[in-house]
Amino acid sequence: AQSVTQLGSHVSVSEGALVLLRCNYSSSVPPYLFWYVQYPNQGLQLLLKYTTGATLVKGINGFEAEFKKSETSFHLTKPSAHMSDAAEYFCAVGNRDDKIIFGKGTRLHILP
Amino acid sequence: DGGITQSPKYLFRKEGQNVTLSCEQNLNHDAMYWYRQDPGQGLRLIYYSQIVNDFQKGDIAEGYSVSREKKESFPLTVTSAQKNPTAFYLCASSIGGQAGELFFGEGSRLTVL
């Protein structure tokens, strides 16, 4: 069985500061890992994904995430927050044979 | 432009009425999904379909029904048996398989009065 835990339902950072959103997963087989972003009253958009290969994955809008198998983590980072980054972020885990499971989401607030 | 179209975006219904949410995709994707989103709950899978004329229950299928008569269409009916239907509903598709990247529609917000 798979599961995903996002630490912190709300995270606030100042504009220009580092963004760090935490995601830990559980999977009995090699995982596929995803980060999605959702703006108010909209659908989800893929930020980045890890399936195989390089463990540091770069996505859109300057975000990146690193797959750390030993820590079962896939934390999302961005060096410098922008006001437009304010949104809800979802981590998700899947694998070759099973459906994708979503975390409960982290709402990112950007302080001016 | 290819994508997923959900309609209506907002829907109000009286308790006890069935409602049908539309989902159409022109991405030529085999798999389609319906999710329910409630504040603080993340996304929960209602139904999914990997091929025309076939679909499977997700984690919270009770009170919902679907059909998949055409590859591009996957409508969701929220029946009167769904005890708490007020929610944001998201339709998604993927090229194939259950763990591929999901492409989402803009969502439909259903409010039951």
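The values are calculated or read from the model by the stated rules, or taken from the named source; none is laboratory data. As the structure is a prediction and not an experimental result, all values here were calculated from the model. Please note: Cβ atoms are built from the backbone with ideal geometry, for glycine as well, and neighbour counts cover all protein chains shown. For accessibility, only protein heavy atoms count, side chains too; no ligands or nucleic acids. Shrake-Rupley method; radii C 1.70, N 1.55, O 1.52, S 1.80 Å.
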- Query: the stretch A:80-101: which residues show an accessible-area loss of 40 Å² or more, assembly versus chain alone, 1.4 Å probe?
  - Reply: A:LYS99, A:ILE100
- Neighbour count of at most 11 Cβ within 10 Å plus DSSP loop: longest GluC sites (Glu not before Pro)-free window in chain B: B:16-61
- the stretch B:66-113: D in µm²/s via Stokes-Einstein (Kirkwood Rh, Cα pairs, 25 °C, 0.890 mPa s)? 194 µm²/s
- Task: Quick one: compute the contact order of the stretch A:1-63, relative version, from alpha carbon pairs under 8 angstrom and 6+ residues apart, as a percent.
- Result: 24 percent
- Can you work out the PRE-style zone for B:LYS14? Point 7 Å along Cα to Cβ, and I want the residues of the stretch B:72-98 with backbone N under 15 Å. B:80
- Task: Using a Förster distance of 41 angstrom, determine the FRET efficiency expected from the C-beta separation of A:HIS109 and B:LEU113, and round it to 0.05.
- Result: 0.85
- Provide, for chain B, the number of lysine pairs with alpha carbons under 28 Å apart, each pair being eight or more places apart or on different chains. 9
- What accessible area per residue, rounded to a whole number of Å², is obtained for chain A using a probe radius of 1.4 Å? 48 Å²
- Message: For Cα pairs less than 8 Å apart in space and 6+ apart in sequence, what is the mean separation divided by the residue count of the stretch B:1-95, i.e. the relative contact order in percent?
- Response: 33 percent
- the protein assembly as shown: radius of gyration over Cα atoms, expressed as a fraction of 2.2 N^0.38 Å: 1.02
- Charge dipole (debye, nearest 20) of chain A; +1 at Cβ of Lys and Arg, -1 at Cβ of Asp and Glu: 160 debye
- Give the calculated FRET efficiency between A:ALA1 and A:MET83 to the nearest 0.05, with a Förster radius of 30 Å applied to their Cβ-Cβ distance. 0.20
- Estimated buried accessible area (total), pair B and A, 1.4 Å, Å² to nearest 100: 1700 Å²
- Item | Sulfur and carbon atoms: percent of accessible area, the protein assembly as shown [1.4 Å] | 50 percent
- Message: Let me check the size of the stretch A:1-93 from its C-alpha atoms; what are the radius of gyration and Dmax in Å?
- Response: 12.9, 38
- Would you mind giving the mean number of other chain beta-carbons within 10 Å of the Cβ of each residue in A:58-66, as a whole number? 0
- Return the FRET efficiency for the residue pair B:SER80, B:ILE51: r is the Cβ-Cβ distance, R0 is 35 Å, and the value is rounded to the nearest 0.05. 0.75
- For A:LYS49, go through the lysines and keep the ones whose alpha-carbon is under 17 Å away, minus same-chain ones fewer than eight residues off. A:LYS58, A:LYS68, A:LYS69, A:LYS78, A:LYS99
